[in-house]
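K.L.:
There's a structure below that I have some questions on.
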Amino acid sequence: MMERIIGKRVPRIDGPTKVTGEAKYTVDIQMPGMLCAKILRSPFPHARILNIDTAKATKIPGVKAVITGRDAWDVRHGFVETPRYPADQYVLANDRVRYLGEEVAAVAAIDEDAAMEALDAIDVSYEELPAVFDIFEAMKPGAPEIHPVEIPDLIGDFRNIGGQCANSYGDVEAAFARAYLVRKDRFEPELRTHCYLEPQATVAHYDAAGILHVWTSGMGTFRKRMHLSRTLNIPASRVHVHKSWVGGAFGGKIDLFSHEFCTSLLSMKTGKPVRYAAEREEVFAYFRHSQNMIVDLETAVDKEGVLLGQRVRCYNDCGAYRGSGVVLIFTTWGYLVLPYRMPALDYIGYSVYTNNPVRAPQRGHAAPKIRYAGETQMDMIASDLGIDPLTIRLRNARRPGEVLPNGDNIRRAGLIDCIRQAAEETDFARKYEENRALQKAASPIKHGIGMGASGYFTGTLIYPNNSAAVVKFNDDGTVHLLTGALDIGQGAETILAQIVAEELGLGMEDIQVVSGDTDATPVDIGSWISGLTLVTGNAVKKAAEDARRVLLASASKALQAAPEDLELRSRRVFIKGTDRSISFEQAVARHIRDNDGDPIVGRGYSRALKEAEFGPSLKNAKGTWSESYAFDAQIAEVEVDTRTGQIRITKAFTAHDCGFPINPLLVEGQIDGQASMAAGQALAEEVTVKEGVTLNPSFLDYKLPTAHEMVEARYVDVITEAYERDREFVTKEVGEGYVSGILGAISNAVANATGKWSTKLPIKIAPRKEDEE
């Protein structure tokens, strides 16, 4: 019987390529005659463009092309492009600039010096306009208008509203009327950035045959192709997005960016390859940080701490254009109702235009913010009622088979088991009471333990909606896997190769992965929306099953045995229970001979929400969102020095329901990374922006945790699903959700240590006065 490879700690197959320097990132692409692109940005946060004069710039020696908004065909683009939320951003500013650093013009020159000289020579006349940077100031009726409000069902007399998501169910008034306790708090997570190691970069080459070749640091080649095709007004078949290795993204590279459009258009105008590479300071100052949000959370409970209802208002600063803000205010609702039963809810989320730079998704896209708020308030309520944090969560946590307010079934949800196992593994109850008893002790060093829980979706319907895969047998019995999946550091190629190895009885060394190329591979959803393993993984599984079926049919003729009596292992086909076998090489050769030269090629495809025509409504959160939900409970232990206010996270523990781990080594890496990322978000990270200007545009000033501050993280798997042959598997996301519950756990651990709650991130503890004295 073949030894299983699913569930094994298999090292990443891209490891040797990366550590030896063979991996080609976008900035490593070299082509003869390649030009350097630079972008001219607005010096004002809000201004009308009166005129752009490029005459002097075009005459500078070495300058090959200059483009402005006039060259961009009045084209707009957006993270969301729907009738309710049409595209609202020009690829190059046309009539107005709406944030400091907005792209106004671009040049291509033979070297960086010539390109920079050309930027200086472009003469732009502006009429400066009033600007607004605060969410609540921007909403006032008399605020400077950034965009007209075009939402017919807007609730409230507000200005500069880019989006609204409103959802109510149950009898909210009755819930609050019969409540034993009502608690209302405002939570203010900080503005933070993605901190991907590789800054944004793009190389484009428009060749003599009229094909646009693009290499770019992104998160999905097929989505990039769609955006470039639309904005450049050329058929998708004429846009070839090649695979580039990606040095991290965390949500920050999924949009179409102006530099990708400009690099492509400059190549089309010059006929030369063109490269743009952002400086780190540009990324901090002008590129898209995470979506920021303020949460007003009012919760009603009974005497036992059982949730009765909530009134929730969320205010998102999406910046000068919508970006992903309208998605954020929908997903906020989703992550609000996912972990705990909520009988009644009145929810409104507003996405508000300001003259700040545009925002983008960041790992968890709303989940860290709303779960930080929800989990912190859960402990506040427990403290008010004299209930311990474990008990109040167990009384409210969703159970297997429950149906969410939008109609989704959470099926084999393991949240209850996660909470219990996390508490048991960390001795939570005892430590919590001991720490609380020592809050007023003389020692300046305090210890705390806190709990947080969260849930997360696994794939949904967003273009391109589906994934396909091809498994092709080679003459020697090895295979090539063709997949459009893009490995951005999460180990996607390893996971997909493991699935092929499991289905075909191959070793990992027998599989070559061709990935992330719009011309060479089938379509793929991309490395976002946390659906790659579920959607692309099942496409790959089906392709491998299809290839196995053909291989077994050929081998059955040679061995004179029924296909169901055969098994695959070590690149051979055996009759079960015997040593009789033929090699894959022989079976492949026989199939080709018997079928007029037809090779063995397996095809597979998969789609999220197979029975749904559309994804959920961004207007009211109605409609199915996902077929699979992950859950987790997380524990943080902290040490607080009350003399200095310094907080150190000493331990983190995660009990998680990811269905089943295909590769526990990669799961462990995701958990470790998210625990340390959450530590930075909870205690240190913050982009400081004043009147649209980023005041800390480098890693010298942006306080990112170093290697010395990584968190000691442990975890336990709560297995709720299984991988079986000849049926689709159900797995659950593991790449985003675990940065959420741990934020609440850290907040609650600090409160357990000090007796003081924090409603703002990063958490800051003022030194005790008696210690200062």
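The values are calculated or read from the model by the stated rules, or taken from the named source; none is laboratory data. Everything numeric in this text was worked out from a predicted model, so none of it was measured. Here Cβ is always computed from backbone atoms with ideal geometry, including for glycine, and neighbour counts include all displayed protein chains. The protein model used for the area step is the full one, side chains on, heavy atoms only, and it has no ligands, DNA or RNA in it. Shrake-Rupley method; radii C 1.70, N 1.55, O 1.52, S 1.80 Å.
K.L.:
Can you tell me which residue among Ser168, Ser125 is within 30 Å of Val301 (Cβ to Cβ), out of contact with any helix residue (DSSP H, G or I) (no Cβ under 7 Å at 6 or more places or on another chain) and not in a loop (DSSP other than H, G, I, E, B)?
P.N.:
Only one candidate passes the filter, namely Ser168.
K.L.:
Within the range 188-242, which residues are within 14 Å of Pro464 (Cβ to Cβ), open to solvent by 30 Å² or more (accessible area, probe 1.4 Å) and basic (Lys, Arg)?
P.N.:
Selection gives Arg225, Arg230.
K.L.:
While we're here: Could you list, in sequence order, the residues of the range 149-178 that are within 23 Å of Ala344 (Cβ to Cβ) and either open to solvent by 70 Å² or more (accessible area, probe 1.4 Å) or in contact with a His (Cβ under 9 Å, 6 or more places away or on another chain) (or both)?
P.N.:
Initially, the range 149-178 is screened for residues within 23 Å of Ala344 (Cβ to Cβ), giving 153, 155-156, 164-178.
Residues satisfying the conditions are Ile155, Ser168, Asp171, Glu173, Ala177, Arg178.
K.L.:
Related question: Can Asp672 be described as open to solvent by 50 Å² or more (accessible area, probe 1.4 Å) and closer than 17 Å to Ile635 by Cβ?
P.N.:
Yes.
K.L.:
Any idea how many residues of the range 498-521 are buried (at least 22 other Cβ atoms within 10 Å of the Cβ), assigned to a loop (DSSP other than H, G, I, E, B), of a type outside the set (A, V, I, L, M) and in contact with a helix residue (DSSP H, G or I) (Cβ under 8 Å, 6 or more places away or on another chain)?
P.N.:
Residues in the range 498-521 being buried (at least 22 other Cβ atoms within 10 Å of the Cβ), assigned to a loop (DSSP other than H, G, I, E, B), of a type outside the set (A, V, I, L, M) and in contact with a helix residue (DSSP H, G or I) (Cβ under 8 Å, 6 or more places away or on another chain): 2 in total.
K.L.:
Sort out for me the strands (runs of 3 or more DSSP E) sitting completely within the range 552-604 that have 3 or more residues that are modelled with pLDDT of 95 or more and in contact with a strand residue (DSSP E or B) (Cβ under 6 Å, 6 or more places away or on another chain).
P.N.:
Ranges flagged: 572-575, 581-583.
K.L.:
While we're on this one: I'm checking my understanding of the structure. Among residues of the range 89-121 that are modelled with pLDDT of 95 or more, of a type in the set (D, E, K, R) and surrounded by fewer than 22 Cβ atoms within 10 Å (Cβ to Cβ), which one is farthest from His46 (Cα to Cα)?
P.N.:
Per the stated criteria, the residue is Asp111.
K.L.:
Scan the range 258-274 and tell me whether some residue there is within 26 Å of Gly69 (Cα to Cα), basic (Lys, Arg) and touching a residue at least 12 places away in the same chain (Cβ under 8 Å).
P.N.:
yes
K.L.:
Could you grab me the full set of residues in the range 723-733 that are in contact with a helix residue (DSSP H, G or I) (Cβ under 8 Å, 6 or more places away or on another chain) and open to solvent by 30 Å² or more (accessible area, probe 1.4 Å)? Spell out the reasoning first.
P.N.:
At the first step, the residues of the range 723-733 found to be in contact with a helix residue (DSSP H, G or I) (Cβ under 8 Å, 6 or more places away or on another chain) are 723, 725-726, 728-733.
Across the range 723-733, the qualifying residues are Arg725, Asp726, Glu728, Val730.
K.L.:
If I ask for residues that are more than 14 Å from His227 (Cα to Cα), outside any loop (DSSP other than H, G, I, E, B) and either open to solvent by 20 Å² or more (accessible area, probe 1.4 Å) or of a type in the set (D, E, K, R) (or both), which ones from the range 64-88 would you list?
P.N.:
Lys64, Val66, Arg70, Asp71
K.L.:
Sticking with this one: Anything in the range 278-316 that is among the β-branched types (Val, Ile, Thr) and under 17 Å from Ala382 (Cβ atoms)? List them, or say none.
P.N.:
Thr299, Val301, Val306
K.L.:
In contact with a helix residue (DSSP H, G or I) (Cβ under 9 Å, 6 or more places away or on another chain) and part of a helix (DSSP H, G or I) - does that describe any residue in the range 336-356?
P.N.:
So far as the range 336-356 goes, yes, one or more of its residues are in contact with a helix residue (DSSP H, G or I) (Cβ under 9 Å, 6 or more places away or on another chain) and part of a helix (DSSP H, G or I).
K.L.:
Still on this structure, please answer the following. Restricting attention to the range 18-47, which residues are free of Cβ contacts under 8 Å to residues at least 40 places away in the same chain and open to solvent by less than 60 Å² (accessible area, probe 1.4 Å)?
P.N.:
The answer is Gly21, and nothing else.
K.L.:
Could I ask something else about it? If a residue must be aliphatic (A, V, I, L, M), surrounded by fewer than 19 Cβ atoms within 10 Å (Cβ to Cβ) and farther than 26 Å from Ala166 by Cβ, how many such residues does the range 391-411 contain?
P.N.:
Total meeting the criteria: 1.
K.L.:
Looking only at the range 696-706, decide whether some residue is outside any helix (DSSP H, G or I), in contact with a helix residue (DSSP H, G or I) (Cβ under 6 Å, 6 or more places away or on another chain), open to solvent by 30 Å² or more (accessible area, probe 1.4 Å) and over 18 Å from Ile647 (Cα atoms).
P.N.:
Yes; the residues of the range 696-706 include at least one that is outside any helix (DSSP H, G or I), in contact with a helix residue (DSSP H, G or I) (Cβ under 6 Å, 6 or more places away or on another chain), open to solvent by 30 Å² or more (accessible area, probe 1.4 Å) and over 18 Å from Ile647 (Cα atoms).
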